[in-house]
Amino acid sequence: MDMDKVLLKIQQNLETIKKVSNDKHQTEFWLARDLMQVLGYSTWAKFIEVIERSKKACKISNQPVNGHFLPAPAKSTGGRPKEDCFLTRYACYLIAQNGDSRKPQIALAQTYFATQTRKQELLEQRDMETKRLEARAKLKDTESKIEKTVYQRGIKFPVEFATFKNKHIEALYGGIPAGHLKKIRKIPGGRPLADFDSHVELKAKDFALAMTDHNIKDRNIQGKEAMNSEVVKNSKETRQALLNRGIKPEDIKPEEDLKVVESRRNKEEKRIAGKEN
């Protein structure tokens with residue numbers, strides 16, 4: 001049996017013993033005694049040792065132990081009541097990691113959870129990349145709109161618009177000019193800062209510039225100095241909102257170049273299209 005089939009069998013075993021709460025939350029959980037059999041343990045005494053080690057690992061990971069390992073009502077089948085435990089998926093993962101790897105079932109469960117964890121990491125990475133790409137496209141649109149707005153109201157030369165944009169960056173990043181910020185983040189001089197921005201930075205820039213564009217039009221602001229003042233005010237207000245939530249923009253580490261992300265996505269799409277054809 002190949003590895004894919006083996007991992008599928010482990011998944012099926014775990015899904016077979018999975019329970020779902022009958023309340024509105026539909027919470028998934030597992031019973032420790034059911035999992036014990038799937039993982040090849042014949043006695044509760046041995047398995048409870050694994051559970052206790054897993055609880056310690058849970059605590060070390062700063063996760064709430066009672067949130068993942070919850071005592072279940074003891075069941076009586078005519079003899080001594082049998083203790084049990086409600087487990088989350090994370091608890092099942094910890095139990096597999098802390099079990100006896102000499103048991104084939106444990107070794108395979110460890111491989112299964114490692115595979116699932118990696119899949120989840122890749123899904124989360126792709127989701128964040130998508131959010132960054134979408135936020136970057138939105139920022140470009142807002143930048144294009146405000147460029148037209150300011151050129152109609154007193155800014156005449158590219159150098160003046162560059163100054164307008166730099167004042168926006170300085171105000172958002174606590175007085176750090178765009179050029180210096182690029183050096184700090186080791187971004188090539190000819191590349192836009194925004195291509196290396198985190199999702200929250202892209203949204204913050206878009207918000208500050210969108211407010212500025214709205215106010216310039218709504219208040220009929222004219223002249224480069226007045227418009228520079230307006231973008232500084234809005235960028236400082238946006239910065240303060242971030243600081244209030246514990247986010248210091250200049251301390252955020254640069255993300256992967258979005259041009260590299262786009263190139264990778266394009267290659268993936270071509271490869272998929274090639275397979276389908």
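The values are calculated or read from the model by the stated rules, or taken from the named source; none is laboratory data. Please read these numbers as outputs of a predicted model, since none were measured by experiment. Ideal geometry is used to build each Cβ from the backbone, glycine not excepted, and the neighbour counts take in all protein chains shown.
Miscellaneous remarks
- Only one entry of Ile176, Ile221, Ile187, Ile216 meets the criterion of being under 18 Å from Lys148 (Cα atoms), part of a loop (DSSP other than H, G, I, E, B) and β-branched (Val, Ile, Thr), and that entry is Ile221.
- Restricting the range 227-277 to residues that are surrounded by 14 or more Cβ atoms within 10 Å (Cβ to Cβ) and among the hydrophobic types (A, V, I, L, M, F, W, C), the residue that is farthest from Gly174 (Cα to Cα): Val261
- Test for Lys203: is it part of a helix (DSSP H, G or I), in contact with a Gly (Cβ under 9 Å, 6 or more places away or on another chain) and surrounded by fewer than 19 Cβ atoms within 10 Å (Cβ to Cβ): no
- Among the numbered conditions (1) out of contact with any Cys (no Cβ under 9 Å at 6 or more places or on another chain); (2) in contact (Cβ under 8 Å) with a residue 12 or more places away in the chain; (3) of a type outside the set (D, E, K, R), the only one that Pro73 does not meet is (2).
- Looking only at the range 63-101, residues that are surrounded by fewer than 13 Cβ atoms within 10 Å (Cβ to Cβ) and modelled with pLDDT of 90 or more come to 4 in all.
- Filtered by the rule that a residue be in contact (Cβ under 8 Å) with a residue 12 or more places away in the chain and of a type in the set (Asp, Glu), the range 221-245 gives Glu230, Glu237.
- Ile216 meets the conditions (1) at pLDDT below 95; (2) surrounded by 11 or more Cβ atoms within 10 Å (Cβ to Cβ); (3) among the aliphatic types (A, V, I, L, M) in every case but one. The failed one is (1).
- Unique match (being of a type in the set (Gly, Ala, Ser), more than 16 Å from Pro249 (Cα to Cα) and under 26 Å from the mean Cα position of the chain (by Cα)) among Ala162, Ala135: Ala135
- Residue tally, condition loosely packed, with under 15 Cβ neighbours inside 10 Å, part of a helix (DSSP H, G or I) and of a type in the set (S, T, N, Q), over the range 4-44: 4
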